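The values are calculated or read from the model by the stated rules, or taken from the named source; none is laboratory data. Keep in mind it's a predicted model, so treat the numbers as computed, not measured. Don't worry about glycine lacking a Cβ; one is built from the backbone with ideal geometry, like all the others, and counts go over all protein chains shown. Just so you know, the surface numbers come from the protein's heavy atoms only, side chains and all, with ligands and any DNA or RNA stripped out. Shrake-Rupley method; radii C 1.70, N 1.55, O 1.52, S 1.80 Å.
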Amino acid sequence: MSIDSILRQKGADVATIAPEASVKRATSWLHAKNIGALVVTSGNAVVGLISEREIVHAIARYGETATSMPVSEIMRRGVITVTPTDTVSHVMSLMTRHRVRHMPVLRDGNLVGIISIGDVVKHRLEDLELETNVLRDVYNAAR
């Protein structure tokens, strides 16, 4: 199963923020959209990612002044990205290995979506439920 199938189901809407925006603006945007991460973009380029985790770490380190800092000061750089054709199992492996919960999805260098660990888990549970139902049907038909 590919990442594209998840994006078709959840939609390709991606919340982005500029690197010069304040951390306070990022927290407001996360709250308003009820999401856990924003892709930091400059023009069409993905330059980082800011999530609740980076914000909590910044506040723990810098105190309340962290909210007035630009996103670029605390964002995660070198963001691992995936493509729509990557498999769900490959993305699960990357998320586990790199200890990340959000991954931007790029097609030909363009941002086309974002995948969260919740999206992956939901999709995997749906696959397992389908597999269980098929196996139960096969078992019942063989009796």
Exercise. Please compute the net charge surrounding residue 107, taking Lys and Arg as +1 and Asp and Glu as -1 over other residues with Cβ under 14 Å from its Cβ.
Key: -2
Practice problem: Jot down the per residue volume, in cubic angstrom and as a whole number, of the convex hull over the alpha-carbon atoms of the stretch 18-143. | Solution: 130
Exercise. Find how many whole Å separate the alpha carbon centroid of the stretch 1-61 from the alpha carbon centroid of the stretch 75-133.
Key: 15
Practice problem: Determine the dipole magnitude for the chain: charges of +1 sit on the beta-carbon of Lys and Arg, -1 on that of Asp and Glu, nothing else is charged, the reference point is the Cα centre, and the result goes in debye to the nearest 20. | Solution: 260
Quiz item: So for the pair residue 33, residue 77, with labels modelled 7 Å out along Cα→Cβ, what separation do we get in nm?
Solution: 2.2
Quiz item: Around residue 30, what is the net charge, scoring Lys/Arg as +1 and Asp/Glu as -1 over all other residues with Cβ under 15 Å from its Cβ?
Solution: +3
Quiz prompt | 1.4 Å probe accessible area per residue over the chain, in Å² | solution = 61
Quiz item: Taking a temperature of 25 °C and a viscosity of 0.890 mPa s, what whole-number D in µm²/s does Stokes-Einstein yield for the stretch 1-85 with Rh from Kirkwood over alpha carbon pairs?
Solution: 181
Quiz item: If you keep only loop residues by DSSP, which trypsin sites (Lys or Arg not before Pro) in the stretch 76-133 have at most 11 other Cβ atoms within 10 Å of their Cβ?
Solution: 77, 99
Quiz item: Taking θ as phi - 60°, what are the ³J(HN,Hα) couplings along the stretch 74-91 by the Karplus curve (6.51, -1.76, 1.60), each to the nearest whole Hz, with x for Gly and Pro?
Solution: 10, 5, 7, 9, x, 5, 7, 10, 10, 10, x, 8, 5, 7, 4, 5, 5, 5
Quiz item: Carbon and sulfur atoms: what percent of the 1.4 Å accessible area of the stretch 1-107 do they account for?
Solution: 50
Exercise. Select from the stretch 1-100 those GluC sites (Glu not before Pro) which occupy a DSSP coil region and have at most 12 other Cβ atoms within 10 Å, ordered by residue number.
Key: 20
